[in-house]
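Let me begin by presenting the structure, written as C-alpha cells, before commenting on it.
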Amino acid sequence: MAMRFAAIAIVSVLATAGTFVLVGPLRGYAETSGAGALKAVSDFDTIVDTRARSKAIFEEASRVLTHPRCINCHPATRSPTQGEDKHPHVPLVIASNSSLGPLGLACSTCHGPENRPIVGSRMKSIPGNAHWSLAPASMAWQGLKVSEICQQVKDTSRNGNRSHADLITHMGEDHLVGWAWHPGEGRSAPPGSQETFAALVAAWVKTGAECPD
Ligand code: HEC
Ligand code: HEC
C-alpha cells in the first residue's frame with residue numbers, strides 16, 4: 001500500500017514537471033519524419049534493380065525505425081529519451097544493469113500496462129505497455145546512420161539472434177512496436193500503419209535485405 005502510494009506521488013510530481021518539460025516537444029507535434037504517408041511496397045516496383053529496390057525499401061522503413069516513438073527506447077546510452085525532440089528522460093533513469101530499470105525505480109513504477117491519461121496537465125498521458133523496457137545496448141540506434149541501423153538490425157550477434165524471418169514477425173507483431181501506433185494522447189505516431197511497415201520489412205528481406213550505402 002505504501003509503495004503504491006509512493007508511486008502515485010512520484011507520478012503526480014512528474015505530471016507537474018511535465019507541464020514545464022513538454023512545452024518544447026509539443027511544438028513539433030504535427031511534424032513526423034518527412035512528408036506524407038508511408039509508401040507501400042508496390043511504390044517500389046519501378047526500381048528494376050533488385051539490390052537498389054531493397055535499399056530503397058529499407059530507407060522508407062527507416063522513417064519508422066528512426067521515429068521518436070521507436071528510437072526513444074533505442075537510445076545511444078542506457079537512458080531512454082522522451083518526446084518528439086528526444087530529450088533525456090525526466091527524471092533521469094539509467095538502466096545499466098537491467099532493461100527493466102534500476103533497482104527501486106523499475107520502469108513499471110511509472111509505466112503501467114496501458115497508456116494512462118492525465119487530466120489537467122500539459123502531459124496528456126503516461127505511456128504504458130505490459131512489456132515496457134529499454135532496448136538492450138546492442139540495439140542502440142540513436143546517433144547511427146540509416147545504413148548502420150540496417151546493419152545492426154540484421155546482425156544476429158546484436159539483434160537478439162533474430163533470423164530475417166524473426167525480424168518480419170517482430171516488426172509486425174511485437175507489443176512495443178505496436179504501441180508506437182497507439183502511443184497515448186499527446187504523442188505522434190510513426191507514418192503509415194504497423195501492417196504497411198511490416199510489409200516493407202518483408203519486401204526488404206525478400207529482395208535480399210540490402211543495406212543503404
Ligand atoms: C519515475 C517515473 C518513471 C520511471 C521510473 C520511468 N519512466 Fe519513462 N516516462 C515517465 C513519464 C511520466 C513519461 C512521459 C513523459 C512525457 O510524455 O513527457 C515517460 C516517458 C518515457 C518514454 C518516452 C515515450 C515517447 O516516445 O515519448 C520512454 C521511451 C520511456 N519513458 C522509457 C522508460 C524506460 C525504458 C524506463 C525504465 C528503464 C522508464 N521509462 C522509467 C516516467 C517514468
Ligand atoms: C518501450 C520501449 C520500446 C519501444 C517503444 C520500441 N522498442 Fe524496439 N525493442 C525494445 C526492447 C526492450 C527490445 C529487445 C526485445 C527482445 O530482444 O526481445 C527491442 C527490440 C527491437 C528489435 C529487435 C532487433 C534489433 O536489432 O533491434 C527491433 C527490430 C525493434 N525493437 C524495432 C522497434 C520499432 C520499429 C519500434 C517502433 C515502431 C520499436 N522497436 C519501439 C524496446 C522498445
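Tabulated data for the structure shown
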{"item": "Residue, surrounded by the fewest Cβ atoms within 10 Å (Cβ to Cβ), within the range 82-93, restricted to residues that are near ligand 1 (Cβ under 8 Å from one of its atoms) and in a loop (DSSP other than H, G, I, E, B)", "result": "Pro91"}
{"item": "Tabulated pairs, the range 63-75, first part of a helix (DSSP H, G or I), second acidic (Asp, Glu), C-beta under 8 angstrom, 6+ apart or interchain", "result": "Pro68/Glu84; Pro68/Asp85"}
{"item": "Hits in the range 50-81 - residues which are surrounded by fewer than 20 Cβ atoms within 10 Å (Cβ to Cβ) and touching a strand residue (DSSP E or B) at 6+ places or on another chain (Cβ under 8 Å)", "result": "Ser79, Thr81"}
{"item": "Counted residues, the range 125-155 - those being more than 14 Å from ligand 1 (Cβ to nearest atom), of a type in the set (A, V, I, L, M, F, W, C) and assigned to a loop (DSSP other than H, G, I, E, B)", "result": "1"}
{"item": "Hits in the range 78-133 (condition: of a type in the set (Ser, Thr, Tyr) and over 15 Å from the mean Cα position of the chain (by Cα))", "result": "Ser96, Ser98, Ser108, Thr109, Ser121, Ser125"}
{"item": "Single match in Ser147, Ser125, Ser108, Ser163 (criterion: in contact (Cβ under 8 Å) with a residue 60 or more places away in the chain and farther than 19 Å from Ser188 by Cα)", "result": "Ser147"}
{"item": "Filter result (under 21 Å from Gly178 (Cα atoms) and either surrounded by 17 or more Cβ atoms within 10 Å (Cβ to Cβ) or within 15 Å of ligand 2 (Cβ to nearest atom) (or both)) within the range 102-119", "result": "Cys107, Ser108, Cys110, His111, Gly112, Pro113, Glu114, Asn115, Arg116"}
{"item": "Filter pass, Arg122 being surrounded by 19 or more Cβ atoms within 10 Å (Cβ to Cβ) and within 16 Å of ligand 1 (Cβ to nearest atom)", "result": "no"}
{"item": "Residue in the range 161-180 that is farthest from Ser54 (Cα to Cα), counting only those that are surrounded by fewer than 16 Cβ atoms within 10 Å (Cβ to Cβ) and not β-branched (Val, Ile, Thr)", "result": "His175"}
{"item": "Candidate set: the range 75-91, residues that are out of contact with any Leu (no Cβ under 8 Å at 6 or more places or on another chain) and of a type in the set (D, E, K, R); chosen: the one nearest to ligand 2 (Cβ to nearest atom)", "result": "Lys86"}
{"item": "Residue match in the range 156-173 (condition: touching a helix residue (DSSP H, G or I) at 6+ places or on another chain (Cβ under 7 Å), near ligand 1 (Cβ under 10 Å from one of its atoms), more than 26 Å from Lys39 (Cβ to Cβ) and not in a helix (DSSP H, G or I))", "result": "no"}
{"item": "Identity of the residue in the range 175-195, within 15 Å of ligand 1 (Cβ to nearest atom) and of a type in the set (D, E, K, R), that ends up farthest from the chain's Cα centre (by Cα)", "result": "Glu185"}
{"item": "Criterion (at pLDDT below 95 and closer than 28 Å to Ala209 by Cβ) met by exactly one of Ser138, Ser133, Ser147, Ser99", "result": "Ser99"}
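To keep it simple, each residue is scored yes or no on (1) touching a helix residue (DSSP H, G or I) at 6+ places or on another chain (Cβ under 6 Å); (2) among the small types (Gly, Ala, Ser).
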| position | (1), (2) |
| --- | --- |
| Val90 | yes, no |
| Gly104 | no, yes |
| Ser108 | no, yes |
| His111 | no, no |
| Pro117 | no, no |
| Arg122 | yes, no |
| Ala130 | no, yes |
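The values are calculated or read from the model by the stated rules, or taken from the named source; none is laboratory data. Source: prediction; values computed, not measured. Cβ coordinates were reconstructed from backbone atoms using ideal geometry, including for glycine residues, and neighbour counts include every protein chain displayed.
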